[in-house]
Amino acid sequence: MTLWTRTSGKGAELLLVHGWGMNASVWLTLAKVLEKDYRVTLVELPGHGESPWNPATRLEDWAEQVLAAAPADAVWLGWSLGGLVMMQAALLQPQKLRALVGVATSPCFVQRKDWDCAIPAAVLESFAAELETDSRRTLRRFLSLQVQGAADAKDLLLRLRREFDSRPLPNPAALQTGLDILLHSDLRRALATLDLPSAWLLGERDTLVPKSLAHALTGLQPQAEVHVID
């Protein structure tokens, strides 16, 4: 099975991996800027956009599929769930990646006894319950969470919805699997063992990946760059 990809620009290889329920359209504006200096490859996760879906239920399965579609010696930039896929790919085949850039992502998205820089499991569980009744409504609610606190939230949300709707809707099974991956994945210890250049970008107002994660990431990867965008 081959995932959908699109490549443009010239220069060092750069792979962009989108987040849960989304598709490559979320990168289009950024890709136009980056392709001036990089050879940019967009990939759509299994069952998202134009990528086919098969019953691949593990994070490792998704990472292997993206690795098969990715250019060699690329910097990977992963957002949200795409960041988890990126981290798992680096654990499986570190020689294929040049560096990691995580955007609003985490090695562990759900709060645990020793991990409060995350969201309560009930938040993701509510999305899972809503998916069973109305997946389109759930995705639109998720999009609205992305723009909370932005000065131009209304206009930005309209643009996101327009671009999102330009691609095929994700497979419902892929959405459910993605939520399961977010709920149950914990790559904290494994991330600390990675010997690849890493940079992490967090948002001050992010309600899903809190800025308090910055301190925890520095503890896991003292050599990494960690930035919180005001």
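Quick look at the values:
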quantity	calculated
Fewest-first ranking of 227, 18, using other Cβ atoms within 10 Å as the exposure measure	227, 18
Scattering profile of segment 11-84 at q = 0.25 Å⁻¹ [log10 I(q)/I(0), Debye over alpha-carbon scatterers]	-1.23
For residue 100, net neighbour charge (Lys/Arg +1, Asp/Glu -1) across residues whose Cβ lies under 14 Å away	-2
Rule-of-thumb Rg ratio for segment 5-229 [Cα; 2.2 N^0.38 Å; N residues]	0.95
Filtered GluC sites (Glu not before Pro), segment 151-230: DSSP coil and at most 16 other beta carbons within 10 Å	204
Loop-located GluC sites (Glu not before Pro) in segment 36-125, at most 16 other Cβ atoms within 10 Å (DSSP)	50
Reach of residue 36 by Cα under 21 Å, taken over lysines that are not fewer than 8 positions away in the same chain	10
Extension gain, residue 95 back to residue 154 (0.36 nm per residue minus Cα-Cα distance, nm)	17.0 nm
Additional length obtainable on full extension of the chain from residue 32 to residue 204, 0.36 nm per residue less Cα span	59.4 nm
Whichever aspartates and glutamates have a C-alpha closer than 16 Å to that of residue 113, once near sequence neighbours (fewer than 8 apart) are set aside	186
Residue-averaged 222 nm ellipticity for the chain, from DSSP H runs of 4+ at -39500 (n - 2.57), nearest 500	-12000 deg cm²/dmol
Fully extended contour minus Cα-Cα distance, from residue 229 to residue 145, at 0.36 nm per residue	28.5 nm
In nm, spacing of pseudo-spin labels at residue 134 and residue 214 (7 Å Cα→C-beta vector)	3.8
Percent breakdown of C-alpha pair distances by 10 Å bin, ordered from the shortest bin, for segment 136-203	15, 32, 33, 20, 0
Which of 105, 57, 193 has the fewest Cβ neighbours within 10 Å, and the rest in rising order	193, 57, 105
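Every number in this text was worked out from the coordinates using simple rules, so none of it is lab data. This is a predicted model, so every value here is computed, not measured. Reconstructed Cβ throughout: ideal geometry from the backbone, glycine too, with neighbour counts over all protein chains shown.
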